[in-house]
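A short write-up of the structure that comes next.
The values are calculated or read from the model by the stated rules, or taken from the named source; none is laboratory data. Note that the structure is predicted; figures quoted are calculated from it, not measured. Using ideal geometry, Cβ is built from the backbone for each residue, glycine included, and neighbour counts are taken over all protein chains shown. Note: accessible area is taken over every heavy atom of the protein model, side chains too, but ligands, DNA and RNA are not part of it. Shrake-Rupley method; radii C 1.70, N 1.55, O 1.52, S 1.80 Å.
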Amino acid sequence: MLGFHIGTVVGNTSPHEFRFVVRSRSAKMGDLVAVEMEVPIGASARVEKTIVWARIIELDRYNPFLPVEAGQELADEGVKLLDTVLSFSRDQTEAKVLVLGCAPGGNYRHLFPLNYPVTPGAEVWLPPSDIVRRILTGDEEVHRLKLGHLVGRSDVEVRIKSNPVVARHMAILAMTGGGKTVAARRVIRELLAAKYPLVILDPHGDYLGFWSRRELFKENTIKLFYPSVRVQEETRDLIAFLVREMTQGLTEPQREAYEVALEQTKIDPNGNDVSTFIDRLIDEVSRYQARHSGTVPAVKRALRIVQGHLRAMQESNVRLRRQPRLKEFPFEPLPDPITHAHEIVKPGQASIIYLGGYDHLTQSTMVSLVLKHLFEKRASLSDEIPPLLCVVEEAHNFVPSASEGQANTPSVEIIRKVITEGRKFGVGLLLISQRPSRLDETTLSQCNTYMIFRLVNPRDQAFVERVMENLSRADSRLLPGFGPGQGIISGQGVRFPLLIQVDQDKDLELTGLADENFIEAATKWKSSKQAEAAQRSSDFSRQLDEA
Amino acid sequence: MAAGAFKLLVVLNAAACLGRDVSVQRVQSKSQITLSERPLRSVNSASDVSIRYRSGDGRLNLDDKARLIVHETGRSLLVTEPLSKELMARGSDSGLLFLHLEQANGLIRIIAHFSEEDALEAFSARRPDLRLASYDLPPVYSTEIEPSTLRDGMDTDSVYQALLGFIQSEDPKLFTTHTEVFLRAPHLIVPLLSHLASLSAEDNLRFPIQLRRLSDQFRSILEMGDASIRIHKIERNHLEMWADAERKQYAFLDGGVAKIAGLPGAEPTAMRIGVYCVRAGDQDVKTREEWLLAPFVVGDIIDKNTGVHMDDDDQIDLRRLGEAARYTLELLSALEFVKSHRNLEALFLHGPLVNSFVMYDEGEPHFIPYLKEDFLAQFGITAAAIEDALSDIPRSRDGRGRMSRQFMAVYGYLLAQMAVSSVPLVGVVERSAGSWLAQAVLRSAVDAQIIKQDYRAKVMTLLKRYNISDDFLFGCVLEEGEYLTPVTIAKNEKRRAREIWQPVVAQFSPPFATVLKTTETSFPFRVEMNRAGSDNQANVMRALYHTARLLPRYAFPVGLDIVDKYAKVPDWLSKNISARMAARVLNRTIAEGDARLVAQVRRLLAHTPRDFFYRPKVD
């Protein structure tokens, strides 16, 4: 029994798609449907019965007896259709479906490509949820992450295979409010339940809620880190690059002075913090014999500016962490990924690295540092750390597209490396972005599982269509219309693209974090003593000057 | 001077015209209005001139006895007694007199419009770009503006168009702007051109003017107080209409035909009669609408006996048989439907209510057969009932009694039922070929002594000469929302029938017919109704008009459009039911040996499960 009879195949059919007339209100967008038919097998005239599985990708509803001009006239005259002789009862709904495959003999484990068109006039069925579930999973017994349910079918859960996600990378793409954070939380929660190690790069504190709700994760450890970069021999070049990029506009002689000083600057065996490193660098620059007298002061000045910036960002990060909403959070300095990677990556642990307060370049440098060394640990096959999944929020900032003109972003190289080689060593990436068109195309195309939520920017839509080989034109047309938490999931994690409604983990939602009410804050605002003192001093000074 | 067609606008200073002794004398004593003292480029003398104008009392007048005299000196004089009197009556307060002339090969149509100098000056102030003063406007005496394509530096075409627009806006009815709008409608170009192609080259030039003149005249006739056929106006108000129509039921019927590509020697034709019945204002979707689709296979309903001897090479004229079947089945279905729906406001059919049915007899060369007795019995129609309704049904030549089941008799019987039905039965014909209504208007005008018989004959000659049918003529005569008083028309003249059938044809009930113009730019459609419809014409026509206004571009009742789509046999059904398929299926069923099964299969060939009828619908 295939379920409920919901329609009849009409028109021309092909092995890839067909149309059917839908019984009133019996099917919705994204529904999986089934058609029984016979297909030829082998070279003989033999046939075998098979069940064709398809997904509804378009639904058209029309009333052939309601001409457009009549509708216009009704609107202009302010008359209701039912008051006239126009027909209301004969509208029909026609669905277009994408063939997903066929299952000969009702064997759901394997879906084969359909190689013969569906029979015109055949009956179309809406299968019951247990059969749909079997089709979605193929009866495979593997570990799965529960993400939600099919759109319009709350009785059919969507569980994706876990291994392709953690080993072969996943991307979650959606505009702001589309549901990517909800989806990411869902994935993270499921992986925590599986005690899979997670490293979460969190520019805005979106995931700090996991610590707030740590009572829900009794089997896990939630660690909060702030960036604490130490310069070591292994990271000398990276820091040097950061510093060079931050100085901007060094002339050729100045760069030479900088490079020479860099070579000479000593680094302690246990490393130095960046500020100390820059102090030593400045000292070395002072000793440089430049041809022009202005070279050394210029370089020193630039380096002090960089030092100032970095200190300011550090202080900014501190201030953010000391805000009322975060001050109770037990942030720790990030352990050195070279020497203490095992403190960052542990089974059952989610390490959340809060990057707030740092500019893009610095964040990228930090991400590069962390990821580079974690990957090298895994690639060395030393088993120093277990396999891990790295969650990269705002991924377009860390691996931007070449067209963004930020090819020198430090994290690009390592992310590309992880995306291509990570699967061999159990280093996976979960890339999250609300501007896919700003993401590096090559990197994104290496992801094997995608969750795409609402995207309205045409560039983003076109980009996603280009990158995702199994995103059909019909599916991409759905992107602007998705509601919160609704999207398409496709890739190795699922058998075929599905419309999914992600479950919302309401217990992980926290107000106050990333949802500040600034309107209220403005009404309650009182200036601080320091601000009043500054204002008072300024007023008095002006009065004196006027006098 | 140039011959052929031209248009010209002459603007006369009426006060100046009456101010000069010579001129006023011409007007007074000779009814001559001087158009110009100098030669006018395109104007020729003409004796066939009609002038339309509005007199001081507001009435529209038509003078079709006017003449135009052009002297050798170039002086042009318009000879018109009524207009001259009007001019005299207005005296020096006449202001300006605009004369719009259209001439084609000796025919001239003039519209004379009285206006004020102030109005022209105000117009000139609004349109300084026209530089009317350079054209001597307002004129000292008279000015002529002829649209010209000559590159002489003067943009007379723009000035002509602008002035024409100005005076038309002052009196649209005088200028019958509705006629102009109709004739200039883009979709009219093709039918107009194809119509012109059927005329001689000379008549091509005259046709537009003749049409306008005839239109003016017909309008005048129809607006006469003592005309029995008058123009009725329906005010468009959907809100009121549908409020009044609440809970009233209307039905729409149409037939579709399919040919099942032939088995040799027996080429059945399938037909479907569709009915869409709707109760306006009923909010319950389940009870609001009723849909019926009745299939027929013609071969199943005919009795091959034709009542006459047929030689081996004689064949039934299948095309005529198909027509006879369609006309009969549609009317039969309509009558059958109203039997069970006595409270219908009206049943509208797509096509004539009464078809021309004089050539569907059993004789040579058509050999149209009878209808089967058991088929008629399904509808309660017996030979006895037919013979009760119609007298003098001829006997068959093979001695089998009266040909009561022959299509002619059956159709006559149905017409009799139609005539007495208490439900208004209304046929709507999209393009009204023929000139039944024009003839009816003229006939009634003669009877009411509005016109003379010789004028009627003259108009009939013109209508024939220019092939002016009712749709073109009344498309020009009527404004939007107007229709004529329904009048009986003779659709079946007995003289056209075979002699033995003439007494029966004479008993064919005629319909009451009218034309309704739905929009400014659409052809009017002919409406035929029975007595019940005629008695209730105001409601019927109002319903028809408003349902047609729901399709303003198509300008046809939307209910008929719906049922037309519903009943139409799609191409795939016609094409796909091929001879081979039909032969194979029939072969098998014939092998079964069950005649009823064979009949059923033949019906099913015209009505498959893929039919729209079986498609899921909103509940």
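For beta carbons closer than 7 Å, sequence separation of 6+ or different chains, a first residue in the range B:210-235 that is in contact (Cβ under 8 Å) with a residue 60 or more places away in the chain and a second that is β-branched (Val, Ile, Thr) and assigned to a strand (DSSP E or B), the qualifying pairs are B:LEU222/B:ILE231; B:GLU223/B:ILE231; B:ILE229/B:VAL487.
One line per residue, one yes/no per condition, for (1) touching a residue at least 12 places away in the same chain (Cβ under 8 Å); (2) polar (S, T, N, Q):
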site: A:LEU74; (1), (2): yes, no
site: A:ALA95; (1), (2): yes, no
site: A:LEU98; (1), (2): yes, no
site: A:ALA103; (1), (2): yes, no
site: A:ASN107; (1), (2): no, yes
site: A:ASN115; (1), (2): yes, yes
site: A:GLU123; (1), (2): yes, no
site: A:LEU126; (1), (2): yes, no
site: A:VAL132; (1), (2): yes, no
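Residues in the range B:118-133 that are under 21 Å from B:CYS17 (Cα atoms) and hydroxyl-bearing (Ser, Thr, Tyr): 0 in all. Checked against (1) open to solvent by less than 20 Å² (accessible area, probe 1.4 Å); (2) part of a loop (DSSP other than H, G, I, E, B), B:VAL515 passes all but a single condition, namely (2).
Those helices (runs of 4 or more DSSP H) of the range A:457-547 in which at least 1 residues are surrounded by 13 or more Cβ atoms within 10 Å (Cβ to Cβ), considering only elements entirely within it, cover A:458-467, A:473-478. For the range A:84-101, the candidate set comprises residues that are open to solvent by less than 10 Å² (accessible area, probe 1.4 Å) and more than 9 Å from every other protein chain (Cβ to nearest Cβ); within that set, the residue that is farthest from A:GLY30 (Cα to Cα) is A:GLY101. Considering only the range A:68-78, I want to know if a residue exists there that is more than 20 Å from B:VAL278 (Cβ to Cβ), in contact with a Ser or Thr (Cβ under 9 Å, 6 or more places away or on another chain) and either open to solvent by less than 40 Å² (accessible area, probe 1.4 Å) or more than 9 Å from chain B (Cβ to nearest Cβ) (or both). Checked against the condition, which is being more than 20 Å from B:VAL278 (Cβ to Cβ), in contact with a Ser or Thr (Cβ under 9 Å, 6 or more places away or on another chain) and either open to solvent by less than 40 Å² (accessible area, probe 1.4 Å) or more than 9 Å from chain B (Cβ to nearest Cβ) (or both), the range A:68-78 yields no hits at all. B:VAL11 meets the conditions (1) touching a residue at least 60 places away in the same chain (Cβ under 8 Å); (2) open to solvent by less than 10 Å² (accessible area, probe 1.4 Å); (3) over 28 Å from B:GLU121 (Cβ atoms) in every case but one. The failed one is (3). Kindly indicate whether A:LEU81 is surrounded by fewer than 20 Cβ atoms within 10 Å (Cβ to Cβ), more than 9 Å from chain B (Cβ to nearest Cβ) and aliphatic (A, V, I, L, M). So A:LEU81 fits the description; yes.
Please tell me if B:THR176 is at pLDDT 75 or above, surrounded by 16 or more Cβ atoms within 10 Å (Cβ to Cβ) and at positive phi. It would help to see each step written out before you state the result.
Values: at pLDDT 75 or above: yes; surrounded by 16 or more Cβ atoms within 10 Å (Cβ to Cβ): yes; at positive phi: yes.
Yes.
When the range A:12-22 is filtered for residues that are farther than 24 Å from A:PHE482 by Cβ and either at pLDDT below 90 or of a type in the set (A, V, I, L, M) (or both), only A:VAL21 remains.
Here is the figure for the range B:14-27: residues that are in a helix (DSSP H, G or I), over 15 Å from B:ARG75 (Cα atoms) and either modelled with pLDDT under 80 or open to solvent by less than 30 Å² (accessible area, probe 1.4 Å) (or both) total 7. Restricting attention to the range A:313-343, the residues that are open to solvent by less than 50 Å² (accessible area, probe 1.4 Å) and under 19 Å from A:THR362 (Cβ atoms) add up to 12. Residues in the range B:536-555 that are open to solvent by 10 Å² or more (accessible area, probe 1.4 Å) and within 11 Å of chain A (Cβ to nearest Cβ): 4 in all.
For A:ARG236, the requirement of being basic (Lys, Arg), on the phi < 0 side of the Ramachandran plot, assigned to a helix (DSSP H, G or I) and in contact (Cβ under 8 Å) with a residue 60 or more places away in the chain is not met.
Every residue, every condition in (1) under 18 Å from B:GLU520 (Cα atoms); (2) among the aliphatic types (A, V, I, L, M); (3) open to solvent by 10 Å² or more (accessible area, probe 1.4 Å); (4) part of a helix (DSSP H, G or I), yes or no:
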position: B:VAL426; (1), (2), (3), (4): no, yes, no, no
position: B:ALA440; (1), (2), (3), (4): no, yes, no, yes
position: B:ARG456; (1), (2), (3), (4): no, no, yes, yes
position: B:GLY475; (1), (2), (3), (4): yes, no, no, yes
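Does the range B:76-133 hold any residues that are outside any helix (DSSP H, G or I), open to solvent by less than 10 Å² (accessible area, probe 1.4 Å), farther than 17 Å from B:LYS30 by Cα and of a type in the set (A, V, I, L, M, F, W, C), and which are they? Residues satisfying the conditions are B:LEU96, B:LEU97, B:PHE98, B:LEU99, B:LEU101, B:ALA104, B:LEU107, B:ILE108, B:ILE110, B:ILE111, B:ALA112. Look at (1) in contact with an Asp or Glu (Cβ under 8 Å, 6 or more places away or on another chain); (2) surrounded by fewer than 19 Cβ atoms within 10 Å (Cβ to Cβ); (3) within 22 Å of B:LEU164 (Cα to Cα); (4) at pLDDT below 85 and you find that B:LEU60 fails only one, number (4).
Output the residues belonging to the range B:556-567 that are open to solvent by less than 10 Å² (accessible area, probe 1.4 Å) and within 11 Å of another protein chain (Cβ to nearest Cβ).
Passing the criteria: B:PHE556, B:PRO557, B:VAL558, B:GLY559, B:LEU560, B:ILE562, B:VAL563, B:TYR566.
When you look at B:ARG526, is it over 21 Å from B:ASP244 (Cα atoms), touching a Lys or Arg at 6+ places or on another chain (Cβ under 9 Å) and either away from chain A (no Cβ under 14 Å) or in a strand (DSSP E or B) (or both), yes or no? Here the answer is yes, as B:ARG526 does meet what is asked.
Number of residues in the range B:238-247 that are open to solvent by 70 Å² or more (accessible area, probe 1.4 Å) and either of a type in the set (Lys, Arg) or within 8 Å of chain A (Cβ to nearest Cβ) (or both): the value is 3.
Restricting attention to the range A:407-424, the residues that are surrounded by fewer than 18 Cβ atoms within 10 Å (Cβ to Cβ) and either in contact with a Cys (Cβ under 6 Å, 6 or more places away or on another chain) or free of Cβ contacts under 8 Å to residues at least 60 places away in the same chain (or both) add up to 7.
For the subset of the range A:18-38 comprising residues that are assigned to a strand (DSSP E or B) and surrounded by fewer than 19 Cβ atoms within 10 Å (Cβ to Cβ), which member is farthest from the other protein chains (Cβ to nearest Cβ)? Per the stated criteria, the residue is A:GLU38.
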